[in-house]
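Right, one structure below, let's go through it.
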Ligand code: GDP
């Protein structure tokens with residue numbers, strides 16, 4: 001996400017950084033480019049104007065122009081302004097402070113990802129916060145909707161409200177809350193019916209359900225890829241029924257990011273969560289400062305660490321780290337490492353979180369990094385005997401031929417893998433000799 005903007009903005013700042021001293025005209029020219037970049041990214045015009053004015057004012061009014069590295073000073077101002085536009089520092093958490101069962105009302109247009117997001121939120125609350133969650137579909141419009149939610153609940157490992165045909169959405173909501181109270185649920189997620197466009201009947205239905213259940217959160221789900229339509233939808237929903245937060249889905253497919261940047265200013269509603277894929281774990285908190293960092297190519301290390309902590313197997317990681325520190329690292333460990341990398345998901349998604357890697361990602365375009373080599377390495381390693389994996393130095397010509405045949409690869413590929421392994425192993429030996437302190441010294445020098 002934000003690739004378009006990120007690429008252009010980093011171009012502007014690279015240009016400024018090269019200048020050394022900056023004149024007011026340089027700033028004006030840079031701001032013209034920033035404005036074009038934002039419009040290109042589909043950010044709403046009033047938001048762009050406000051943004052550029054704020055940055056220009058701060059850049060010209062302060063000692064920026066005389067500072068030692070004015071380019072950096074301007075980048076800092078832009079970073080701060082981006083954080084403001086995105087809603088201010090820090091994620092806005094879900095408000096679950098109410099007497100349980102706490103109702104969460106999900107609203108949005110059809111196809112926005114509302115049902116999927118309901119499942120993702122249910123899973124997250126159940127797994128991370130150990131909440132007992134009940135999912136209920138109030139969608140009586142689409143015959144299959146209630147069934148879809150029941151299946152999703154099963155995948156998310158939470159309960160769903162048994163389906164009773166013929167009930168109205170308000171009746172289902174009542175029943176969900178009753179079951180919630182009776183069976184001691186912490187959270188009841190109410191997934192309402194979507195519509196193709198906003199109409200009064202939909203708004204009336206949402207109002208009636210809200211009056212019945214007094215939800216702690218009314219979350220609007222919008223599709224980031226619809227750009228300004230998502231913002232207009234949010235504005236209309238907020239004016240008609242009032243929303244407490246926005247969940248923006250399909251961030252994985254949205255290279256422009258205009259909707260995310262315009263949402264807060266135009267609607268006043270904070271983006272609380274974002275969806276970045278179809279899988280149930282593809283749900284993230286929205287941290288404006290991290291998103292700003294990604295836009296400016298500063299990376300999102302905090303996000304990366306969180307993602308790693310979420311997906312990686314701690315025991316396995318620690319075992320690996322220990323072996324590395326001891327200078328023991330065999331092909332089984334290498335295979336374990338590949339498994340961990342694969343678990344983190346798309347490599348280009350990870351790259352986007354690393355500082356300076358945004359540009360590399362641009363160079364790749366829409367292509368994914370070629371990770372097939374890792375898969376082939378896995379196949380090769382699994383065709384080896386235990387002794388070979390433990391002590392790769394015994395793998396000579398005849399063993400190589402056998403392994404190549406077994407894994408459907410070639411002897412050359414096996415040679416490449418062994419060479420790479422040797423390089424890794426000798427690096428780890430060096431690390432282990434240095435010890436932790438030595439490593440830190442190396443990192444600092
Ligand atoms: P609803 O009509 O609003 O309930 O939409 P659904 O939850 O049925 O989602 C519609 C489609 O969008 C499904 O195929 C989902 O898998 C997909 N989807 C939902 N959220 C995301 C997301 O964050 N990223 C991507 N790529 N697809 C999503």
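The values are calculated or read from the model by the stated rules, or taken from the named source; none is laboratory data. It should be emphasised that the depicted structure is a prediction, and the values quoted were computed from it without experimental measurement. All Cβ positions, even for glycine, are placed from backbone atoms using ideal geometry, and neighbour counts span all protein chains on display.
Remarks
- Residues that are out of contact with any strand residue (DSSP E or B) (no Cβ under 6 Å at 6 or more places or on another chain) and free of Cβ contacts under 8 Å to residues at least 40 places away in the same chain, drawn from segment 135-151: 143, 144, 147, 148, 151
- If the condition is being within 26 Å of residue 202 (Cβ to Cβ) and either more than 16 Å from the ligand (Cβ to nearest atom) or in a loop (DSSP other than H, G, I, E, B) (or both), then segment 128-157 contributes 133, 134, 138, 139, 140, 141, 142, 143, 144.
- All of (1) modelled with pLDDT of 80 or more; (2) outside any helix (DSSP H, G or I); (3) surrounded by fewer than 19 Cβ atoms within 10 Å (Cβ to Cβ) hold for residue 68 with one exception: (1).
- All of 273, 219, 190 fail the test of being buried (at least 16 other Cβ atoms within 10 Å of the Cβ) and in contact with a helix residue (DSSP H, G or I) (Cβ under 6 Å, 6 or more places away or on another chain), apart from 190.
So that you can scan it fast, the table gives a plain yes or no per residue for (1) touching a strand residue (DSSP E or B) at 6+ places or on another chain (Cβ under 6 Å); (2) within 16 Å of the ligand (Cβ to nearest atom); (3) at pLDDT below 90:
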site: 25; (1), (2), (3): no, no, yes
site: 29; (1), (2), (3): no, no, yes
site: 34; (1), (2), (3): no, no, yes
site: 49; (1), (2), (3): no, no, no
site: 56; (1), (2), (3): no, no, yes
site: 106; (1), (2), (3): yes, yes, no
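- Residue 125 under 25 Å from the mean Cα position of the chain (by Cα), more than 12 Å from the ligand (Cβ to nearest atom) and part of a helix (DSSP H, G or I): yes
- Pairs with Cβ under 9 Å, 6+ apart, first in segment 73-97 and without any contact (Cβ under 8 Å) to a residue 60 or more places away in the chain, second surrounded by fewer than 19 Cβ atoms within 10 Å (Cβ to Cβ) and in a loop (DSSP other than H, G, I, E, B): 73/62; 73/67; 77/62
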